[in-house]
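Below is one structure, written out as structure tokens; comments come after it.
The values are calculated or read from the model by the stated rules, or taken from the named source; none is laboratory data. Remember, it's a predicted structure, so these values are computed and weren't measured experimentally. Reconstructed Cβ throughout: ideal geometry from the backbone, glycine too, with neighbour counts over all protein chains shown.
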Amino acid sequence: MTSRPNQWDKTELQLYILLLCANADMEETPIELELIKSKANGDTFKKIYKEFNGDSEEQRLDKIERAIHDHQFTMMELSEFRTEIHKIFMSDGRLSINEGRLDSILDNILY
């Protein structure tokens, strides 16, 4: 049974979003995964990773959109989080078309 998005804490939500970013170009790299794993403890990462892999792309975006509104992120938190998102996107040295599209979608959801 997967967690409901409104049960995620901020860290879990951020992990889920970063996993989406890592998969935007259909190529989840070890570097991307290490960056994401460094944001939480191993058990939390495993739980969120399992849930993420069980969801379709549409379910992922729906969960993120619903969950983002359950948390009160400050502008500073959002700015720091956008930096983390860009680190994931640029971990392979380039921004793919799909990553650029997802970046725009996330801008609309986060702000």
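Taking the numbered list (1) modelled with pLDDT of 95 or more; (2) of a type in the set (D, E, K, R); (3) closer than 19 Å to Ile85 by Cα in turn, Glu27 passes all entries but (1).
The condition of being within 14 Å of the chain's Cα centre (by Cα) and of a type in the set (A, V, I, L, M, F, W, C) holds for only one of Ile97, Ile105, Ile31, that being Ile105. Would you pick out the residues in the stretch 48-79 that are among the charged types (D, E, K, R) and more than 20 Å from Ala24 (Cα to Cα)? Passing the criteria: Asp70, Glu77. Considering the stretch 19-31, the residues that are free of Cβ contacts under 8 Å to residues at least 60 places away in the same chain and outside any loop (DSSP other than H, G, I, E, B) include one that is surrounded by the most Cβ atoms within 10 Å (Cβ to Cβ), namely Leu19. Would you mind stating whether Ile64 is within 19 Å of Asp9 (Cβ to Cβ) and either of a type in the set (Gly, Ala, Ser) or crowded, with 16+ Cβ neighbours inside 10 Å (or both)? Against the criterion (within 19 Å of Asp9 (Cβ to Cβ) and either of a type in the set (Gly, Ala, Ser) or crowded, with 16+ Cβ neighbours inside 10 Å (or both)), Ile64 qualifies.
Here is a yes/no grid of residues against (1) within 11 Å of the chain's Cα centre (by Cα); (2) basic (Lys, Arg); (3) within 13 Å of Leu13 (Cα to Cα):
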| residue | (1), (2), (3) |
| --- | --- |
| Gly42 | no, no, no |
| Lys46 | no, yes, no |
| Lys50 | no, yes, no |
| Gln72 | no, no, yes |
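Here are some residues: Leu110, Leu102, Leu78. Which one is surrounded by 12 or more Cβ atoms within 10 Å (Cβ to Cβ), under 12 Å from Cys21 (Cα atoms) and in contact with a helix residue (DSSP H, G or I) (Cβ under 8 Å, 6 or more places away or on another chain)?
On the way: Leu110 fails: under 12 Å from Cys21 (Cα atoms); Leu78 fails: under 12 Å from Cys21 (Cα atoms).
Step by step, each of Leu110, Leu102, Leu78 is checked, and only Leu102 is surrounded by 12 or more Cβ atoms within 10 Å (Cβ to Cβ), under 12 Å from Cys21 (Cα atoms) and in contact with a helix residue (DSSP H, G or I) (Cβ under 8 Å, 6 or more places away or on another chain).
Scanning the stretch 81-94 for residues that are over 22 Å from Ile68 (Cβ atoms) and surrounded by 14 or more Cβ atoms within 10 Å (Cβ to Cβ) gives Ser91, Asp92.
Matching residues to (1) modelled with pLDDT under 90; (2) more than 25 Å from Gln7 (Cβ to Cβ); (3) outside any helix (DSSP H, G or I); (4) of a type in the set (Val, Ile, Thr):
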residue	(1), (2), (3), (4)
Ile17	no, no, no, yes
Asp43	no, no, no, no
Ile64	no, no, no, yes
Ser79	no, yes, no, no
Ser91	no, yes, no, no
Glu99	no, yes, no, no
